[in-house]
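Please treat every number below as a calculation from the coordinates, not as lab data. Note that the structure is predicted; figures quoted are calculated from it, not measured. When we count neighbours, we look across all protein chains shown, and the Cβ atoms used for this are built from the backbone with ideal geometry, even at glycine.
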There are 2 protein chains.
Amino acid sequence: MELREAKDRFIHTWGTLATQWGINRTMSQIHALLLLSPKSLNADEIMDELQISRGNVNMNLRDLMSWGIIYKQLLPGERKEYFIAEKDIWKVARLIARERKKRELTPIVDTIDDIKKNLKDNTEEGKEFQKIINDISSVSSFTEMTLDHIVKSEESWLINTFLKVFK
Amino acid sequence: MELREAKDRFIHTWGTLATQWGINRTMSQIHALLLLSPKSLNADEIMDELQISRGNVNMNLRDLMSWGIIYKQLLPGERKEYFIAEKDIWKVARLIARERKKRELTPIVDTIDDIKKNLKDNTEEGKEFQKIINDISSVSSFTEMTLDHIVKSEESWLINTFLKVFK
DNA sequence: TTGAATTTTCAAAATTTTCTGAAAATATTT
DNA sequence: AAATATTTTCAGAAAATTTTGAAAATTCAA
């Protein structure tokens, strides 16, 4: 397999998967492109490489920056803005986990807490509802804690060690 | 808060979140409805409750069954099919984790493995690419293993104990 | 069998999401 | 300050996804 082909395949798979993640295809493809690029790229280069419009590139670069997984880089003597991806994949994984937790988990935990606080219903049906809500609350808390635990660990050596043990 | 209102809020939040998960809104709403329902429901009741078409209900019930998180129930003396949700939330969480792993993680691991096997490129750029690919491979494996570990644990007491410790 | 009840399918319609491209805003150079 | 380069915005277009609803298929009772 050629390097060119390998890169394209990776970018393509990454982008396709994103769709199932609820993240848009282009955003992932730009991320993949930057991740694989040894040097930072500007908007025109990304447009050209992925054959997409300037507006699209701009919007998604902004999103990627808000996730904290790419950085803007100002090159001396260059007028254009260049972008480079965070290359520490463990850090990228933590940032993605943090963002997904924020988007996927926190809202349901908040809703459930609010319902638990405010629901006054002592009928049989009400009690059953409370039970389910409490169960879901447990699972959510557990998941949240597990993610936090991974996200917060700034040292990656522990995780790396864990990985080696199981390899 | 009334029971009715609480249930509606939960179903609504659950459905809205699903969108960000890459899972469709209706599928989640049907799941939430069944999860909160003390008795099993048939297609007409679901159509009526969520104000959606028969085809939509049918399709999503099938999807939910393929995830293993709802069951078909044939009531004696009833012609219609009834559906009931798996109420053991830890089991539901494991089934969802398993399905998401299959959809989100496995394809990227497979692509990467294939690229690792087939790429022959010893240029500087090729080596850098290999490095990134290997890093991503590590993170994916780690995540896959962590999920497996949770998913495979058929006993939930350990997890429950863990939860209590942190509560 | 026949026919009524129920479920399934799927083409077309509706909705939602993403993308484009050109105009507006901002930044930099001369 | 004017000209030029670059980035940002956003309304409308395009694409993707979801939903509908009616016809076809299936199931079951008589």
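Annotations
- Principal-axis tilt of helix B:106-118 within chain B, Cα atoms, nearest 10 degrees: 20
- Among B:33-44, A:106-117, the order from most to least packed when residues are scored by Cβ within 10 Å on average: B:33-44, A:106-117
- Ellipsoid equivalent to the range A:3-85 - semi-axes via the Cα gyration tensor, in Å: 20, 15, 11
- FRET efficiency estimate (nearest 0.05) - Cβ-Cβ, residue A:24 to residue B:72, R0 35 angstrom: 0.50
- Take each residue in B:101-112, count the other chain C-beta atoms within 10 Å of its C-beta, and the mean is 3.
- Electrostatic bookkeeping for residue B:9 treats Lys and Arg as +1 and Asp and Glu as -1; over the other residues with beta carbon under 13 Å from its beta carbon, the sum is -2.
- At the listed q of 0.11 Å⁻¹, the Debye profile of the protein assembly as shown, built from one uniform point per Cα, gives log10 I(q)/I(0) equal to -0.83.
- Per-residue average of Cβ from other chains inside 10 Å of A:91-97: 2
- Of A:102/B:117; A:102/B:116; A:91/B:127; A:102/B:72; A:131/B:80, those spanning more than 25 Å from alpha-carbon to alpha-carbon: A:102/B:117; A:102/B:116; A:102/B:72; A:131/B:80
- For residue A:51 and residue A:106, the FRET efficiency from 1/(1 + (r/R0)^6), where r spans their Cβ atoms and R0 equals 30 Å, is about 0.25.
- Remark on residue B:69: its backbone amide H falls under 5 Å from none of the residues 5 or more positions apart or on other chains, H modelled at 1.01 Å from N.
- Under 5 Å from the amide H of residue B:83 lie the amide H atoms of B:41, B:42, B:73, each residue being 5 or more positions distant or on a separate chain, with H modelled from the backbone and absent for Pro and chain starts.
- Chain B: most fluctuating residue of B:68, B:22, B:77 per GNM, C-alpha cutoff 10 Å: B:77
- Formal net charge of residues neighbouring residue B:123 (Cβ-Cβ distance under 15 Å; K, R +1; D, E -1): 0
- Average beta carbon contacts from partner chains per residue of B:36-42, 10 Å cutoff: 2
- Cα-based shape type of the range A:65-109, given that a ≥ b ≥ c are square roots of the gyration tensor eigenvalues and the cut on a/c is 1.5: oblate
- Each Lys and Arg contributes +1 and each Asp and Glu -1, all at the Cβ; summed about the Cα centre of chain B, the dipole is approximately 360 debye.
- Note on the range B:1-145: Kirkwood radius taken over Cα pairs, Stokes-Einstein applied at 4 °C and 1.567 mPa s, translational D equal to 72 µm² s⁻¹.
- Projecting 7 Å from Cα along the Cα-to-Cβ direction, the label point of residue B:125 sits 6.6 nm from its equivalents in the other copies, listed shortest first.
- Principal-axis tilt of helix B:3-21 within chain B, Cα atoms, nearest 10 degrees: 30
- Residue among B:84, B:23, B:70 with the largest mean-square fluctuation in a Gaussian network model of chain B, springs linking Cα atoms under 10 Å: B:23
- The range B:53-94, relative contact order [Cα under 8 Å, separation at least 6], %: 26
- Rounded to the nearest 10 degrees, the angle from helix A:89-100 to the longest Cα principal axis of chain A is 50 degrees.
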